[in-house]
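Chemist: Have a look at this one before I ask anything.
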Amino acid sequence: ESRLTVTGANADKRHRVGFTALEDVALSVARMIAEKSSRADVAAQLKNFKAEAVAEAAGISAGAINAAAESLLAHRGASLAIAGGSGSSLSLKVAVNLINDLLGNTGKTVVPGANHQVVDGLSLLKTLTEEMKAGKVGALVVMGANPVLAGASAGFSAALAKVDTVIVANDRMD
């Protein structure tokens, strides 16, 4: 990951990689997994993502890339590779989907389909906004989120002004 996140802090191993190198590192891991999974067709498509070259450019060791691939391979079908949140590039998400597919995680730890969590979360945020507008919320605690941005269309910012006590526990200023 390029910056410390709660998910990264809970990872078995964490390596700081610049944001612009994340896709190359993911594709290098995918290349190793493809090679060790007898998927020469996929490995050939990823020939430009050799661990040594990618590691040097990313500022990490090739051993870190190899260890990540080996660990995932040791838990194929029961592992999960993730690609950050909404700020992640589409190509990084595709690379991570490839890793999960090569590992046989699709249909097991990865279930394709709509992200109901986002839809449910926005629905709950809209409900909270309406309750704040009606003066039904006296105190609000926000942790690791920016509901002002996510709830902009619902008028969250204006509704927040009607809450007496607001506590924010985030790892950065928004």
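Chemist: How fast does the range 7-100 diffuse by Stokes-Einstein, in µm²/s, taking the Kirkwood radius from C-alpha pairs at 10 °C and 1.306 mPa s? Write out the running numbers ahead of the final one.
Modeler: Details: Rh = 13.3 Å.
Answer from the Stokes-Einstein relation: 119 µm²/s.
Chemist: Right, something else. With every protein chain left in place and a probe of 1.4 Å, what is the accessible surface of THR7, to the nearest 10 Å²?
Modeler: 80 Å²
Chemist: Hey, can you find the accessible area per residue of the chain for me, probe 1.4 Å, expressed in square angstrom?
Modeler: Details: 10970 Å² over 174 residues.
Value for the chain: 63 Å² per residue.
Chemist: Which distance in Å, rounded to a whole number, links the C-alpha centroids of the range 142-163 and the range 20-45?
Modeler: The range 142-163 and the range 20-45 have Cα centres spaced 41 Å from each other.
Chemist: So, with +1 on the Cβ of K and R and -1 on the Cβ of D and E, and no other charges, what is the size of the charge dipole of the chain about its Cα centre, to the nearest 20 debye?
Modeler: Numbers: 17 positive and 16 negative charges, 23 e Å.
Taking the Cα centre of the chain as origin, the dipole is about 100 debye.
Chemist: Between SER28, SER37, SER123, find the one with the highest GNM mean-square fluctuation for the chain; connect C-alpha pairs within less than 10 Å.
Modeler: SER123
Chemist: Select one label from (1) 19.6; (2) 11.4; (3) 10.9: the one whose number is mean projected area of the Cα convex hull in nm² as derived from the coordinates shown.
Modeler: Calculated mean projected area of the Cα convex hull in nm²: the matching label is (2).
Chemist: Pop out the carbon and sulfur fraction of the accessible area of the chain as a percent, whole number, probe 1.4 Å.
Modeler: 56 percent
Chemist: Taking springs between alpha-carbon atoms closer than 10 angstrom, which of GLU130, GLU52, GLU35 fluctuates most in the Gaussian network model of the chain?
Modeler: For the chain, modelled as a Gaussian network with Cα springs under 10 Å, the answer is GLU130.
Chemist: What residue among ILE33, ILE82, ILE65 shows peak mean-square fluctuation when the chain is described by a Gaussian network model with Cα springs under 10 Å?
Modeler: ILE82
The values are calculated or read from the model by the stated rules, or taken from the named source; none is laboratory data. What you see is a predicted model; the values in this text were computed from it and never measured. Every residue, glycine as well, gets a Cβ built from its backbone with ideal geometry; the counts of neighbours run over all protein chains shown. Note: accessible area is taken over every heavy atom of the protein model, side chains too, but ligands, DNA and RNA are not part of it. Shrake-Rupley method; radii C 1.70, N 1.55, O 1.52, S 1.80 Å.
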